[in-house]
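The values are calculated or read from the model by the stated rules, or taken from the named source; none is laboratory data. In this text, all values refer to a predicted model and were calculated from it rather than measured experimentally. Glycine also receives a Cβ, built like all others from the backbone with ideal geometry; neighbour counts cover every protein chain displayed. Please note that ligands, DNA and RNA were not included when accessible areas were found on the heavy atoms of the full protein model with its side chains. Shrake-Rupley method; radii C 1.70, N 1.55, O 1.52, S 1.80 Å.
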Amino acid sequence: MGRHLFSEMASLSVKPGQRFTLPDWQNNSLLISANAEQQRFNSHHVRQEGRALRNETGNQAKWDEHNSQTRLKDRITSVDRWREALAKCLADIDLEIDALTKVKEAAENALQAKNLCLDVAIECLTFRESRRDIDVVRDPVEEELHKEVKVIEKTKKELQKRVDDAFKQLCLLKEARQQLSLDHRHKVETLELDRQCMSFNPTSGNISFKVNPTRIPDGSTALREWELNSQCNKERAEAAMKASVDLRGAITLSIAQTNNELDAQRIATEFALRKRMRDMEGALSELRWQEQNTLEEIGEMEEEIRQLEEDIRKRTLDLKVAHTRLETRTYRPHLDLCRDQAQYGLTDEVQQLEGIIRALQQKRTESQDALDALYRQLHRIQTDIGYKTNSLQLDNKCMDTRRKLVIPVEKFDPEVDAVNRTRNLPRN
């Protein structure tokens, strides 16, 4: 060990090195101490600044996050309010589309029913074209039937216009509904995204840095424009619904009015038809009475002619007797061929018989003429009976045909709630 110590001392003594003075050594110690104190001061200052910065930035981040959460919540409330308003408007417009569709179908059914009425009226006019001779008359029935045709054509035009208006209004309603539905769907998607944003926090697993997140996306709109768009869609739908409600009322009124007009005209036509049939039956009854009396008179006249002919035959035989007597007496001989009272009496008898026969023949001719006239009149009566029977049968066919109109057409009875539902729509 002594040897080792000696060896070390020998090695140290031989190393050259700089020698510092004691003041240098003391100054170096003071400098190190001063630097340490300065570094500690600087470190303390930085620590204080860091703590203040951490507190400030932490508070600022919490406030900013709270402010963003509040704004998101307010935005979600605003969007949700519009979503509810649009959803209610969608429900209302769906009900209105359904109600207008039913009214349109009722108008179409009423229009279709008018075709039957028109067919019946035209069929009645066609039937009555088969009247013959004097019965082809422009009577009140024909006038009422022509009026009925005009009323039906007028009501058909009115109902067709209402159906067209309903179709156009349905197109407007469906177009407004499409805009509402699109806007409502956008609001639902926006709510889903904003609520997803509300759920994000520093511990969420799906957060990450994004490329240029503060950029303004293409197609961005101003808040006022967003509000005006939804308000415009809602007001447009409400205006379409109000117009639809008014149109439904007008269509319902038109259906009732056209039905009333047609019913009134139908009643007038059938009243005229029944009156005409009664008149026709009265005329037929009179004609049949005349026919019966004429037939009786013909029978009596034919009997009278037979009696006249019988009297003519008898008087002719009497005349032959008188002629024969006169002729036979011409063969009296000589002075017995005198003009005695018998001669005068036979001569007077012949003259009387000839006058009687001429009178009877004249009366027979007159009676035959009267009989011929009776037959002509009977033919005319029977022909007129045929005409009027035909006309009565035709009018009966008209009445049978018009029984199709007795079946009541299904009436449209609009629900009060459906009519008044969209008159006072709430505004957002």
For this session: Would you check if residue 278 is at pLDDT 90 or above and exposed (fewer than 11 other Cβ atoms within 10 Å of the Cβ)?
Result: yes
Seminar exercise, completed: For segment 328-342 the number of residues that are open to solvent by 100 Å² or more (accessible area, probe 1.4 Å) and either within 29 Å of residue 358 (Cβ to Cβ) or in a loop (DSSP other than H, G, I, E, B) (or both) is 3
Problem set entry | Selection from segment 122-153 of residues that are free of Cβ contacts under 8 Å to residues at least 24 places away in the same chain and either within 23 Å of residue 257 (Cβ to Cβ) or in contact with a helix residue (DSSP H, G or I) (Cβ under 8 Å, 6 or more places away or on another chain) (or both) | 142, 146, 150
Problem set entry | Options 170, 116; residue that is under 19 Å from the mean Cα position of the chain (by Cα) and at pLDDT below 90 | 116
Seminar exercise, completed: Within segment 373-428, residues of a type in the set (S, T, N, Q), modelled with pLDDT under 85 and open to solvent by less than 40 Å² (accessible area, probe 1.4 Å) come out as 422
Exercise. Given (1) open to solvent by 70 Å² or more (accessible area, probe 1.4 Å); (2) modelled with pLDDT of 90 or more, where does residue 239 come up short, assuming only one miss?
Worked result: (1)
For this session: Name the one entry in 345, 282, 355 that is within 30 Å of residue 147 (Cα to Cα), free of Cβ contacts under 8 Å to residues at least 60 places away in the same chain and of a type in the set (Gly, Ala, Ser).
Result: 282
Exercise. So which of 74, 80 ends up being touching a residue at least 12 places away in the same chain (Cβ under 8 Å) and either touching a Gly at 6+ places or on another chain (Cβ under 6 Å) or of a type outside the set (Val, Ile, Thr) (or both)?
Worked result: 80
Problem set entry | Members of segment 92-139 that are under 30 Å from residue 176 (Cα atoms) and of a type in the set (Val, Ile, Thr) | 93, 97, 101, 103
For this session: Please give the number of the condition residue 184 fails out of (1) closer than 30 Å to residue 401 by Cα; (2) open to solvent by 30 Å² or more (accessible area, probe 1.4 Å).
Result: (1)
Exercise. If you check every pair at least six apart or on different chains, which have Cβ atoms under 7 Å apart with a residue in segment 247-267 that is touching a residue at least 24 places away in the same chain (Cβ under 8 Å) and assigned to a helix (DSSP H, G or I) first and a residue that is among the hydroxyl-bearing types (Ser, Thr, Tyr) and crowded, with 18+ Cβ neighbours inside 10 Å second?
Worked result: 258/155; 261/155; 262/155
Seminar exercise, completed: When segment 113-130 is checked residue by residue, the ones that are open to solvent by less than 20 Å² (accessible area, probe 1.4 Å) and β-branched (Val, Ile, Thr) are 120
Exercise. Which residue pairs have Cβ atoms closer than 6 Å, lie 6 or more positions apart in sequence or on different chains, and pair a first residue in segment 302-326 that is in contact (Cβ under 8 Å) with a residue 60 or more places away in the chain with a second residue that is open to solvent by less than 70 Å² (accessible area, probe 1.4 Å) and assigned to a helix (DSSP H, G or I)?
Worked result: 304/367; 305/367
Seminar exercise, completed: Counting only residues in segment 86-112 that are buried (at least 20 other Cβ atoms within 10 Å of the Cβ) and among the aliphatic types (A, V, I, L, M), the one nearest to the chain's Cα centre (by Cα) is identified as 107
Exercise. Are any of the residues in segment 203-216 open to solvent by 80 Å² or more (accessible area, probe 1.4 Å) and of a type in the set (Gly, Ala, Ser)?
Worked result: yes
For this session: Test residue 325 against the criterion of being within 60 Å of the chain's Cα centre (by Cα) and open to solvent by 40 Å² or more (accessible area, probe 1.4 Å), and give yes or no.
Result: no
Exercise. In this structure, does residue 148 turn out to be surrounded by fewer than 17 Cβ atoms within 10 Å (Cβ to Cβ) and among the acidic types (Asp, Glu)?
Worked result: no
Exercise. When you go through (1) of a type outside the set (Gly, Ala, Ser); (2) out of contact with any helix residue (DSSP H, G or I) (no Cβ under 9 Å at 6 or more places or on another chain); (3) within 23 Å of residue 163 (Cα to Cα); (4) open to solvent by 80 Å² or more (accessible area, probe 1.4 Å) one by one for residue 246, which number turns out not to apply?
Worked result: (4)
